[in-house]
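Novice: Handing you a structure now.
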Amino acid sequence: MTPSYNEKEVLALLQQESTQKDAFSRIVAQYSEQLYWQIRRMVLSHEDANDLLQNTFIKAWTNIDYFRAESKLSTWLYRIALNECLTFLNKQRASSFVSIDEPEADAITKLEGDSYFSGDEAQLLLQKALVALPEKQRMVFNLKYYQEMKYEEMSDVLGTSVGALKASYHHAVKKIEVFLKDSL
Amino acid sequence: MKEEDEILRKCGNGNPFTVPEGYFDHFRENVMQQLPEKEARTFKKQHITVWSRVKPWFYMTAVFAGMLMGVHFMLNLSSSDQSSTAPMRAEKEMITDQEVETMMDHSMMDDYSLYECLTEAE
């Protein structure tokens, strides 16, 4: 978190045309890194994550006048970013020529050869387990496990009840545990 | 959760992904350059004419008038059909009994067959 960032101040500056772009620039500086990692954990590739992150901020800028501050700015940005991820992954799956039985095999093969992946064998195995999960469940796992996001905030971001999110996380953990047990 | 602890123990929750050097340093500048220009928010005062106020009522009236004319036309058509049959009925009444007998003779129908034919026609 940059020391100069004050959300109340930034939201006030967003309301005026003369200071709107400068305020948005501060938002980009504040949230780009955390949004990037969330996107990257979903799409795995740096190039794809970069494209989606840029799209996220362009969409946010285009719709900034409609942001009503009923939710936190971070929640709103996460929502845009994760929707971009889901749309991208759905398109990727639809246009992929990989076998229907193992669509994640292609993603893992690419990850193994990716120069921007520096994980060890156990971390690669964890990524294999994650890629096998349904996308929304993977999203829930990533937000909780890596980001330690509270369920209440996750509920705002994903539009799912806290109970359903807890159940989803619980099932994800069980599946991953079984996968790791069988593989190690 | 026990299973979560197991995953943490085996794999940790460190970040296995990396980015090109200086990526985040330049990201803000790159994105700000790509942002589309926003159109200036101006509100034009629209001049509302009498015609623009009356126009919807005018079109509605025209539609109803057209529908009424259509219904009237259809009704007239069906009643004119009825009146055109009147001369035919009148013609029928002018056929004499003698002419009927002549027609019966020419048709070579017996009385029973003729009776059947007439009752079916009615």
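The values are calculated or read from the model by the stated rules, or taken from the named source; none is laboratory data. This structure is a prediction, so every number in the text was calculated from the model and none was measured. Note that we place each Cβ from the backbone using ideal geometry, even for glycine, and neighbour counts take in every protein chain shown.
Novice: With surrounded by 19 or more Cβ atoms within 10 Å (Cβ to Cβ) and not hydroxyl-bearing (Ser, Thr, Tyr) as the only criterion, which of A:Gln38, A:Gln34 stands out?
Specialist: A:Gln38
Novice: Among the numbered conditions (1) of a type outside the set (A, V, I, L, M); (2) more than 7 Å from chain A (Cβ to nearest Cβ); (3) in contact with a helix residue (DSSP H, G or I) (Cβ under 6 Å, 6 or more places away or on another chain), tell me where B:Glu4 comes up short.
Specialist: Evaluating B:Glu4 over (1) of a type outside the set (A, V, I, L, M); (2) more than 7 Å from chain A (Cβ to nearest Cβ); (3) in contact with a helix residue (DSSP H, G or I) (Cβ under 6 Å, 6 or more places away or on another chain) leaves (2) as the failure.
Novice: In region A:37-49, what residues are in contact (Cβ under 8 Å) with a residue 12 or more places away in the chain and either within 11 Å of the chain's Cα centre (by Cα) or at the interface with chain B (Cβ under 8 Å from one of its Cβ atoms) (or both)?
Specialist: Selection gives A:Trp37, A:Gln38, A:Ile39, A:Arg41, A:Met42, A:Val43, A:Leu44, A:His46, A:Ala49.
Novice: A:Gly119 versus (1) within 10 Å of chain B (Cβ to nearest Cβ); (2) at pLDDT 90 or above: which is the lone unmet condition?
Specialist: Result: A:Gly119 fails condition (2) only.
Novice: Which of the residues that make up region A:40-66 are in contact with a strand residue (DSSP E or B) (Cβ under 9 Å, 6 or more places away or on another chain) and among the hydroxyl-bearing types (Ser, Thr, Tyr)? Step through it out loud before you land on a result.
Specialist: Taking region A:40-66 as the starting set, the residues that turn out to be in contact with a strand residue (DSSP E or B) (Cβ under 9 Å, 6 or more places away or on another chain) are A:40-41, A:44, A:46, A:49.
Result: no residue meets the conditions.
Novice: Of these, B:Ser84, B:Ser52, B:Ser80, which one is over 33 Å from the mean Cα position of the chain (by Cα) and at pLDDT below 90?
Specialist: Answer to the check: B:Ser84.
Novice: Take region A:14-28 and flag every residue that is touching a residue at least 12 places away in the same chain (Cβ under 8 Å) and either assigned by TED's automatic domain parsing to the domain that holds A:Leu124 or surrounded by fewer than 19 Cβ atoms within 10 Å (Cβ to Cβ) (or both).
Specialist: Selection gives A:Gln20, A:Ala23.
Novice: Just a yes or no: is a residue in region A:140-161 more than 20 Å from A:Ser183 (Cβ to Cβ) and more than 18 Å from the chain's Cα centre (by Cα)?
Specialist: yes
Novice: Looking at (1) modelled with pLDDT of 65 or more; (2) surrounded by 10 or more Cβ atoms within 10 Å (Cβ to Cβ), can you tell me which one B:Asp105 breaks?
Specialist: (2)
Novice: Show me the helices (runs of 4 or more DSSP H) entirely contained within region A:37-149 in which 1 or more residues are more than 19 Å from B:Asn30 (Cβ to Cβ) and in contact with an Asp or Glu (Cβ under 8 Å, 6 or more places away or on another chain).
Specialist: On the way: elements: A:46-62, A:73-95, A:104-112, A:121-131, A:135-145.
Those helices (runs of 4 or more DSSP H) span A:73-95, A:121-131, A:135-145.
Novice: What are the pairs, 6+ residues apart or on separate chains, where a residue within region B:16-40 that is assigned to a helix (DSSP H, G or I) has its Cβ under 7 Å from a residue that is among the hydrophobic types (A, V, I, L, M, F, W, C) and surrounded by 15 or more Cβ atoms within 10 Å (Cβ to Cβ)?
Specialist: Pairs found: B:Arg28/A:Val28; B:Arg28/A:Ala29; B:Val31/A:Val28; B:Val31/A:Phe57; B:Met32/A:Val28; B:Gln34/A:Ile58.
Novice: Restricting the search to region A:166-184, which residues are within 9 Å of chain B (Cβ to nearest Cβ) and surrounded by 15 or more Cβ atoms within 10 Å (Cβ to Cβ)?
Specialist: Within region A:166-184, A:Tyr169, A:Val173, A:Ile176, A:Glu177, A:Leu180 meet the criteria.
Novice: Within region A:13-36, can you find the residues that are away from every other protein chain (no Cβ under 11 Å) and hydrophobic (A, V, I, L, M, F, W, C)?
Specialist: A:Leu13, A:Leu14, A:Ala23
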